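The values are calculated or read from the model by the stated rules, or taken from the named source; none is laboratory data. These numbers come from a predicted model, not from an experiment. Cβ atoms come from the backbone with ideal geometry, glycine included; neighbour counts cover every protein chain shown. Surface accessibility is based on the protein's heavy atoms, side chains included, excluding ligands, DNA and RNA. Shrake-Rupley method; radii C 1.70, N 1.55, O 1.52, S 1.80 Å.
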Amino acid sequence: MPPLNALRAFEAAARHLSVKDAAGELCVTPGAVSQMLKVLEQHLGVRLFVRVNRGIFLTDAGRDYLPPVRNAFRQISEASKRVVGSADSGVLTVSATSFFASAWLVPRMASFRDAHPQIDLQVVTSNALVDFSRAGVDVAFRHGYGHYPGLRSDHVLAVEMVPVAAPLLVERLGQPASPAALVAWPKVQDADRKGWSLWLQANNLAEATLPTGPSFDDTALLQQAVLAGLGAGLLPAAMVAPEIEAGRLIQLAGETHIEAFAYYLVYPEANAEQPKIAAFREWVLDAVRSSASSTHPR
């Protein structure tokens, strides 16, 4: 391996195309940078720079060498950031959908702060499942079935789901007289395409074929698709209540509780016993138990 300081000098000098500017960034003298570049070139046995008057330019070898060196330093930087936010840090980064964060998590954060004043919560909103190896996130709340390979999933709560449609679609197809009438309706789907199947099963309805239609991994987008008249959608009752009250959506059948289609607290199995994650998990589950009769939207 080449000397690390020489690699740092090479990356900085190549980025600035200036020994002086690289020296300023690294807090050393220009002579020190020149010496480190010389050491690296001797180590590799190739010239990395062409020196013209007071300027420097990359050789072909230097241009080929720069991207992997720069990428290596970027990976070290990202890994360092993850370590800063890991087990021994006082910051716990929580990923959640924006609606769940605003409706369930934020109103309870004061309770967590009182119970664990040494841990600061950092909430980031996202709808996609987090890549825990890269994103710098400790735990995530996700709505689905809790089956995420390599991750631990703790069941948090299930919500009441309700089928809704845009008024224009209801005007065209008619208000369904019973849940069975919805079998033939066009539908929009959740990303896993299981919500409607579970809803039909919960209402004792056999389906001739699996429900079809466009799918969305973002609940807000799914709701927009329903508003646009693409089909009936199955959405959390509390989330669509304002739209139903305003007449922008029409409820097609009663609310249905689907226990498996729920919110889960998700995190890497290997991190389960980190003190801050364990503390947050216990607090979440205690909060759910203390308000078991409450339902909250996605």
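Condition first: farther than 17 Å from GLY146 by Cβ and small (Gly, Ala, Ser). Now tell me which residues in segment 258-292 satisfy that. Selection gives ALA270, ALA278, ALA279, ALA287, SER290, SER291, ALA292. Output yes when any residue across segment 95-111 is surrounded by fewer than 19 Cβ atoms within 10 Å (Cβ to Cβ) and more than 30 Å from ILE258 (Cα to Cα), and no when none is. Scanning segment 95-111 turns up no residue that is surrounded by fewer than 19 Cβ atoms within 10 Å (Cβ to Cβ) and more than 30 Å from ILE258 (Cα to Cα). Among the residues making up segment 198-214, those that are touching a residue at least 40 places away in the same chain (Cβ under 8 Å) and assigned to a helix (DSSP H, G or I) are LEU198, TRP199, ALA202. Go through segment 182-197 and report how many residues are of a type in the set (Gly, Ala, Ser) and either part of a strand (DSSP E or B) or under 16 Å from ASN127 (Cβ atoms) (or both). Qualifying residue count, segment 182-197: 2. A Cβ distance below 9 Å, combined with a sequence gap of six or more or placement on separate chains, defines the contacts here; from segment 30-53, residues that are of a type in the set (D, E, K, R) reach residues that are open to solvent by 50 Å² or more (accessible area, probe 1.4 Å) and not in a helix (DSSP H, G or I) in the pairs GLU41/ARG47; ARG51/PHE57. When we screen GLN251, GLN224 for residues that are closer than 23 Å to SER98 by Cα and modelled with pLDDT of 85 or more, the only hit is GLN224.
Among the residues making up segment 245-264, a single one is of a type in the set (Gly, Ala, Ser), within 21 Å of ALA225 (Cα to Cα) and in contact with a strand residue (DSSP E or B) (Cβ under 7 Å, 6 or more places away or on another chain): ALA253. Taking the stated definitions as given, is ARG152 basic (Lys, Arg), crowded, with 20+ Cβ neighbours inside 10 Å and within 19 Å of the chain's Cα centre (by Cα)? So ARG152 does not fit the description; no. Under the condition of being in contact with a Pro (Cβ under 7 Å, 6 or more places away or on another chain) and part of a strand (DSSP E or B), the residues counted in segment 101-151 number 1.
When the residues of segment 112-147 are filtered to those that are open to solvent by 70 Å² or more (accessible area, probe 1.4 Å) and in contact with a helix residue (DSSP H, G or I) (Cβ under 8 Å, 6 or more places away or on another chain), the one that is farthest from GLN189 (Cα to Cα) is ARG134.
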